[in-house]
1. Taking 7 Å along the Cα-to-C-beta vector as the label spot, tell me the THR189-ASN205 distance in nanometres, rounded to one decimal.
2. Set the bar at 25 Å for Cα to Cα. Now go through LYS95/LYS341; LYS126/LYS266; LYS176/LYS215; LYS176/LYS216; LYS243/LYS341 and name every pair that lies beyond it.
3. In nm, what is the difference between 0.36 nm times the number of residues separating ALA331 and MET172 and their Cα-Cα distance?
4. About the Cα centre of the stretch 141-229, how large is the charge dipole given +1 on each Lys and Arg Cβ and -1 on each Asp and Glu Cβ? Please answer in debye to the nearest 20.
5. Quick one: if you stick a label point 7 Å off each Cα along the C-beta vector at ASN212 and LYS179, how many nm between them?
6. Over the stretch 141-229, what is the relative contact order in whole percent, taking alpha-carbon pairs under 8 Å and six or more residues apart?
7. What's the FRET efficiency of PHE351 with ARG30 using the Cβ-Cβ distance as r and R₀ = 30 Å, to the nearest 0.05?
8. Could you work out how far apart the two model spin labels at TYR338 and ILE321 are, taking each label as a point 7 Å from the Cα in the direction of the beta carbon, and quote it in nm?
Amino acid sequence: MLYFNYLQRKTLNQFLSIATILISLIWFSRAISFMKYVTENGIAMGDFFYLFILILPWLLMFIIPVSLFIAVLLIYYNLLKNNEISILKNAGLSKLMIARPVIILSVIITFISYFLTFYIMPYANKELRLMKVDFVNNYATMAFNPNSFETINNLTIYVKDKDENNKLYGVMINDKRSKLNSITITAQTGDIITKSDAIYLIMKNGTVQRYNYQKKNSEILYFQRYVFNLTHNRNVSSVVNWKPKEKYFHELLYNNESMDKKNISKIRSEIHERISYPLLSIILTLIACTCVLCKEYNRRNDTRNIILAILLAIFFMLAIIMFYELIERSAIFIPFLYIFKIICILICIKFLHDSNIKNNEAIYK
């Protein structure tokens, strides 16, 4: 069993390295788009990195099968190039037995992927949605710095000066959060009061100018004391209408009778995507092993097997994406998705099976 542990350990290390590299590249590419939450909404860096952790389960669903495919392809190609595969064959091992370590590894990774798709990913997607709402409405992080404009969610505040007791002087507020009208408030002074559910700005001696978009007219009100709720238009609801990707698997199985056909189609596609997508790890592993082990190494065409494996993997993944789109349109395509995957698995096993190798049990002695 030395070869078994050797191949499995090398493939696992290569898989983890490739997955780490891919995750890092995607994270860095997405960091720029999420930096606006820090610069514009004043989000703490701890929350910013937690946001990336919540994205990780979704990324892993795509990265895991691809990383495993690349790892298997590289490890077995190097074994073939260094004539180690020939040594294993001469020792009495069939092609299927040589591929057995990574096939078992792909099965273990598949079970981990199911745990991710059924529980971790929907939990992360729910948390991600709630955090984005909090980020957009994070009025508590406003610093009210003197001689500077601060904008959060169509609410702009300017303060001319601020003393050591956080009393504001020369306050100007432009509120465009409502679709019906915009409000411009000016005041000589202002005090900030924070409660558990809201942030209030108590202003004195100023004006309120309200502009109605429909009537296209303005109204001006003079006040001596005015209380402005900074979080007045915050959209917080105890009942959230979760999207299919934000639901646990058991929640997807429960369909509301009042649900329209479009949502039912999306849920149907999501159910079969979560059931079938983790199987990609097994199928891509079989494709890589089949293309490398079923061809003899040739120094002149040493990359032909690699190219063939990559093309087959791309074709397979494109076909799977097409099936998901078809299933969303009609339930009649559901059996074809699983038949296609079963056929791919059987074809790979057939090519890997070597009935001419004798004494297969010698390796276990």
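Derivation of every value follows stated rules applied to the coordinates shown; laboratory data play no part. Note that the structure is a prediction, hence the values are computed from the model and not measured. Counting neighbours? That spans all protein chains shown, and the Cβs are built from the backbone with ideal geometry, glycine included.
1. 0.8
2. Check vs 25 Å cut-off fails for LYS243/LYS341.
3. 51.5 nm is the gain from fully extending ALA331 to MET172.
4. 420
5. 1.8
6. Values: 205 pairs, mean separation 16.4, N = 89.
Dividing the mean separation by the residue count of the stretch 141-229 yields 18 percent.
7. 0.15
8. Reported label-point gap for TYR338 and ILE321 is 2.5 nm.
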